[in-house]
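One structure is given below, encoded as structure tokens.
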Amino acid sequence: MTPSPFFVGSYFRQSVTTLHPEIRFSSSYPTLALKRTLNADQVQFSGTPVLQKDYLSLAKHELLLQPHDINLVMDDGVTLPNGVTKKILLDRWKESRLHAGKSAQLGNFSGHSYATNLMLNNGQWGLGINLELTENTTLCGERSAMTVAWNKGLEGISPKQLETTSGRNEARDSLKAKIMILTSGDPAHKAGAPCSKCLDWLSTKEWMGPDVLMVYMEDSAQAPSGLQLHISSLRSLIPHIDHVQPSKTNLPIDNLPMMPTSWEIDSIVDDQKSTELLQEAKENYTLLKAQVKRTLPEKYHEKPIDCTVALLSTGETVAGKQLRWTSTLEYLADINALHQASQPILKKGSGTKLIALAYYGDTPVPTAGSLGWIARAPWAKASDTVIIRIQETDEGIAAISKRKIKDYLNGSFNQK
């Protein structure tokens, strides 16, 4: 049979045939033509070996995948938006995978290449890689794709549409994210958990939301090609995205009820200790508030103040305090406390851990970004670190919440 070009839609067809004219195949190739197996240093494509480090060749082989080659797996409660098909998701995944492969071939400071394809409500897609200008000046694929998609989406909004309230509301809704496809240049498709900065972006409500779909490729023994697209929601990544609020009350902390816990908590973090830690955080908050009013100009008097007390496994406590003198301040008091805790822990040795953090202040906590930092800190207890804060119950009653980071972020956010 005469070979024919690989077609995946007008835009992708043009980019593939222009960049890689050698990619041609029979339109009726067998389902198992791209059976993929991962070995120690090679990826086998139906017996054709490709070195794992030849990222671009890996991506080019995977351009040949068709919808019947892969399985589609969706978490409970997840449904595809109208008009979005398995083929569309696969085509956009391949587009993103090739993007990551090209970036990997060029190399960067971290040695890792990621790409994200983000779709907005209006159907606009944005493709971005992890951009690394220096070792410390970076933009991850998730945030890169958000920036590209939102700028493209904004270009499609006419000034006339923004003249009315209904037009502005419609425009805002059109720019909200709907689907995020995560890929990497890694031969095993390990896109990794979003970094702390990306978690902060993902957990915002203005343009993101808990129902945004997250799509990634993974190995599957049941799929013809050995691959499957897995679809989950942002809510599965950040389960308590809807429950972030300031940890603060006018009531005496000693009188607050305890909310039930989901996990067995270390005995050192019992109800009495949790109350004491919150009380210590409140005292630090009150002290800092008085210091600000006494020493700083009036324009800073009503700026948000946050205090976090960290409990070490030795029973010691250290406090982190933060005056948010500007709305763009990147880190909260819990990161301050995390750094403060590192000093005595490093002196005492690896047996000492940060096991709990108690919050009190004006800013909604805990943020997903901060929890990402804490879970990955080598001197914390990873996803088992306890988060203590004041939270309203469903009945509107202030109570003490005692949860683990794994309640707020899924279990993949451990030290790396």
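The values are calculated or read from the model by the stated rules, or taken from the named source; none is laboratory data. Keep in mind that this is a model prediction, so the values were computed, not measured. All Cβ positions, even for glycine, are placed from backbone atoms using ideal geometry, and neighbour counts span all protein chains on display.
Look through S383, S370 and report the one residue that is crowded, with 24+ Cβ neighbours inside 10 Å, modelled with pLDDT under 95, among the polar types (S, T, N, Q) and in contact with a helix residue (DSSP H, G or I) (Cβ under 6 Å, 6 or more places away or on another chain).
S370
Tally up the residues in the stretch 232-247 that are surrounded by 18 or more Cβ atoms within 10 Å (Cβ to Cβ) and assigned to a loop (DSSP other than H, G, I, E, B), please.
Result for the stretch 232-247: 5.
Please verify whether T286 is free of Cβ contacts under 8 Å to residues at least 60 places away in the same chain, under 17 Å from K381 (Cα atoms) and more than 28 Å from the chain's Cα centre (by Cα), treating the condition exactly as stated.
no
Is the stretch 302-318 home to any residue that is over 25 Å from the mean Cα position of the chain (by Cα), loosely packed, with under 14 Cβ neighbours inside 10 Å, of a type outside the set (K, R) and within 16 Å of T363 (Cβ to Cβ)?
Yes, the conditions are met somewhere in the stretch 302-318.
For every residue, the table says whether it meets (1) in contact (Cβ under 8 Å) with a residue 24 or more places away in the chain; (2) within 30 Å of V84 (Cβ to Cβ); (3) not aromatic (F, W, Y).
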position: S233; (1), (2), (3): yes, yes, yes
position: I238; (1), (2), (3): yes, yes, yes
position: L251; (1), (2), (3): yes, no, yes
position: S267; (1), (2), (3): no, no, yes
position: H301; (1), (2), (3): no, no, yes
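Is it fair to say E132 is over 16 Å from V212 (Cα atoms) and at pLDDT below 95?
Answer is yes for this residue.
So, I345, is that one within 20 Å of H240 (Cβ to Cβ) and among the aliphatic types (A, V, I, L, M) or not?
Spelling it out, it is not the case that I345 is within 20 Å of H240 (Cβ to Cβ) and among the aliphatic types (A, V, I, L, M).
Sort out which residues of the stretch 194-218 are closer than 23 Å to P81 by Cβ and assigned to a helix (DSSP H, G or I), and write them in order of number.
Hits for the stretch 194-218 are C198, W201, L202.
Collect the residues in the stretch 292-331 that are of a type in the set (S, T, N, Q) and at pLDDT 95 or above, keeping them in residue-number order.
T295, T308, T317
How many residues does the stretch 257-273 contain that are assigned to a loop (DSSP other than H, G, I, E, B) and surrounded by fewer than 18 Cβ atoms within 10 Å (Cβ to Cβ)?
Looking only at that region, the number is 9.
Can you tell me which residue within the stretch 351-367, out of those that are over 14 Å from R324 (Cβ atoms), touching a residue at least 60 places away in the same chain (Cβ under 8 Å) and among the hydrophobic types (A, V, I, L, M, F, W, C), is surrounded by the fewest Cβ atoms within 10 Å (Cβ to Cβ)?
I355
Hey, any hits in the stretch 219-228 for a residue that's without any contact (Cβ under 8 Å) to a residue 12 or more places away in the chain, outside any loop (DSSP other than H, G, I, E, B) and surrounded by 15 or more Cβ atoms within 10 Å (Cβ to Cβ)?
no
Checking the structure you have, find out if any residue of the stretch 101-116 is at pLDDT 85 or above, within 24 Å of the chain's Cα centre (by Cα) and under 28 Å from E170 (Cβ atoms).
Checked the stretch 101-116: at least one residue is at pLDDT 85 or above, within 24 Å of the chain's Cα centre (by Cα) and under 28 Å from E170 (Cβ atoms).
Would you say L409 is buried (at least 24 other Cβ atoms within 10 Å of the Cβ) and closer than 20 Å to K197 by Cα?
In short, yes.
Checking I400 against (1) aliphatic (A, V, I, L, M); (2) surrounded by fewer than 23 Cβ atoms within 10 Å (Cβ to Cβ); (3) without any contact (Cβ under 8 Å) to a residue 60 or more places away in the chain: exactly one of these is not met. Which one?
Failing condition for I400: (3).
With the condition being surrounded by fewer than 18 Cβ atoms within 10 Å (Cβ to Cβ) and not polar (S, T, N, Q), I'd like the strands (runs of 3 or more DSSP E) fully within the stretch 85-186 carrying at least 3 qualifying residues.
none
Per-residue answers, yes or no, for (1) in contact with a helix residue (DSSP H, G or I) (Cβ under 6 Å, 6 or more places away or on another chain); (2) without any contact (Cβ under 8 Å) to a residue 60 or more places away in the chain; (3) closer than 23 Å to Q391 by Cβ:
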residue: D270; (1), (2), (3): no, yes, yes
residue: S274; (1), (2), (3): no, no, yes
residue: Q279; (1), (2), (3): yes, yes, yes
residue: G320; (1), (2), (3): yes, yes, yes
residue: R324; (1), (2), (3): no, yes, yes
residue: A333; (1), (2), (3): no, yes, yes
residue: K347; (1), (2), (3): no, yes, no
